Amino acid sequence: MKTWKTMAGFVVATAALSACGGVMISGLPLPGDTAWVPAEAPVAATSGVPAAPPRTGADEPDPAGDRAPADDGPGHGDGDRPARPGEPGEQREPAPGEPSPDVVVGSTEHQAGKHIALTFDDGPDPTWTPRVLDLLDQYDVQATFCVVGENAREHPDLVRRIAGAGHALCDHTMHHDEKLPARPAADRKAEIKDCRDAIIDAAPDADVRYFRAPAGAFSRPGDPDPDSVQRIAARLGMQPLAWSIDTEDWTKPGVAAIVDSVQQAGDHDVVLLHDAGGDRQQTMTALEKVLPWLVDQGYEFDLPA
Ligand SMILES: [Zn+2]
């Protein structure tokens, strides 16, 4: 795992640098005028270490041509000047128990030993989510499902099934908005809150403990905007979530490539997979091969933290 210290003083740790259809993150710090367009990519923070998501790339089944950097929206200044109380940019302390907006979790380093966290994005999907759930159940795997709000509204039964099986839920925005940091604050709030509401309406007892920005498009580290993507999520009780291994399964790279990605895992990786967004047969077949391998290797399945 590599780490960089940014100008803003954030420590960014990345374990793997890849992203679907996107640019590889090359490290930080970012120039002050650089748009923060991270990818659903790797960045990881070890427990208690402030970190930021990687910039670049995306994990989603979207045309790569749609990867123009988002504009720096309001509140995306350089962040160097401390905000004065009451003005935009004032940073309040997180409430007790509230996740830190300055940490984008992408590892399982809170646990000693070999732990791996599997995360499934973009569902629920009536064809693939039940198959993934059946397979996870077969290996007694607890995973994290990053659901899209409109899909949750369409398939509340599947949200209930995910929650009922003991998996963690993750808010992945209402409409899979990949340019959240560039949106007006009201739109950012709505995308994030509406998805969480959709999950809770479907499964009131769901453990919606994470938020993952589509395409990893979090606000950039140290963004003083009180309505930065991470701060909105944290205020709603959700920990910003990244990943450290991108299988790029949405690109259909072949079963062997997906298996190989997972087999690169170290002791504390968070793996990005998809249970929706198209034909996920490759993902399913890869899981059928790699889950017994992970068990044989002594991995325990975990949640990111
Ligand atoms: Zn996604």
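Restricting attention to region 132-152, and to residues there that are aliphatic (A, V, I, L, M) and touching an Asp or Glu at 6+ places or on another chain (Cβ under 9 Å), which single residue is nearest to the ligand (Cβ to nearest atom)?
Among those that are aliphatic (A, V, I, L, M) and touching an Asp or Glu at 6+ places or on another chain (Cβ under 9 Å), it is VAL148.
Among the residues of region 119-131, write down those that are more than 13 Å from the chain's Cα centre (by Cα) and within 15 Å of the ligand (Cβ to nearest atom).
Selection gives GLY123, PRO124, ASP125, TRP128, THR129.
Scan region 132-159 for residues that are in a helix (DSSP H, G or I) and within 23 Å of PRO214 (Cβ to Cβ) and jot them down.
Answer for region 132-159, where residues must be in a helix (DSSP H, G or I) and within 23 Å of PRO214 (Cβ to Cβ): VAL132, LEU133, LEU136, GLY149, GLU150, ASN151, ALA152, ARG153, GLU154, PRO156, LEU158, VAL159.
Identify all residues within region 273-303 that are out of contact with any Ser or Thr (no Cβ under 7 Å at 6 or more places or on another chain), away from the ligand (no atom under 16 Å from the Cβ), of a type outside the set (Val, Ile, Thr) and in contact (Cβ under 8 Å) with a residue 60 or more places away in the chain; write none if there are none.
Of everything in region 273-303, those that are out of contact with any Ser or Thr (no Cβ under 7 Å at 6 or more places or on another chain), away from the ligand (no atom under 16 Å from the Cβ), of a type outside the set (Val, Ile, Thr) and in contact (Cβ under 8 Å) with a residue 60 or more places away in the chain turn out to be MET284, LEU287, GLU288, LEU291, PRO292, LEU294, GLN297, GLY298, TYR299, GLU300, PHE301.
Each row is one residue, and each column tells you yes or no for (1) within 16 Å of the ligand (Cβ to nearest atom); (2) modelled with pLDDT of 95 or more; (3) more than 15 Å from PRO99 (Cα to Cα).
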residue	(1), (2), (3)
ALA198	yes, yes, yes
ASP223	no, no, yes
SER228	no, yes, no
ILE232	no, yes, no
ARG235	no, yes, no
LEU241	yes, yes, no
THR247	yes, yes, yes
PRO253	no, yes, yes
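Please go through region 209-221 and give me each residue that is crowded, with 22+ Cβ neighbours inside 10 Å and away from the ligand (no atom under 16 Å from the Cβ), ordered by number.
SER219, ARG220, PRO221 - these are the residues of region 209-221 that are crowded, with 22+ Cβ neighbours inside 10 Å and away from the ligand (no atom under 16 Å from the Cβ).
Which condition does PRO126 not pass, out of (1) assigned to a helix (DSSP H, G or I); (2) without any contact (Cβ under 8 Å) to a residue 40 or more places away in the chain, if it passes all the others?
Against the list (1) assigned to a helix (DSSP H, G or I); (2) without any contact (Cβ under 8 Å) to a residue 40 or more places away in the chain, PRO126 comes up short only on (1).
Could you tell me whether region 248-257 includes any residue that is part of a helix (DSSP H, G or I), β-branched (Val, Ile, Thr), free of Cβ contacts under 8 Å to residues at least 60 places away in the same chain and closer than 19 Å to VAL141 by Cα?
Within region 248-257 (the criterion being part of a helix (DSSP H, G or I), β-branched (Val, Ile, Thr), free of Cβ contacts under 8 Å to residues at least 60 places away in the same chain and closer than 19 Å to VAL141 by Cα), the answer is no, since none of the residues qualifies.
Out of curiosity, is ALA190 at negative phi, small (Gly, Ala, Ser) and in contact (Cβ under 8 Å) with a residue 40 or more places away in the chain?
No: the conditions fail for ALA190.
State all residues of region 254-275 that are surrounded by fewer than 24 Cβ atoms within 10 Å (Cβ to Cβ) and under 25 Å from THR173 (Cβ atoms); if no residue qualifies, say none.
The one that is surrounded by fewer than 24 Cβ atoms within 10 Å (Cβ to Cβ) and under 25 Å from THR173 (Cβ atoms): SER261.
Of all residues in region 193-217, which are hydrophobic (A, V, I, L, M, F, W, C) and touching a residue at least 12 places away in the same chain (Cβ under 8 Å)?
CYS195, ALA198, ILE199, ALA202, ALA203, ALA206, VAL208, PHE211, ALA213, ALA215, ALA217
The values are calculated or read from the model by the stated rules, or taken from the named source; none is laboratory data. Worth saying up front: this structure is predicted, and the values here are computed from it rather than measured. For neighbour counting, all protein chains shown are included, and Cβ atoms are generated from backbone atoms with ideal geometry for every residue, glycine included.
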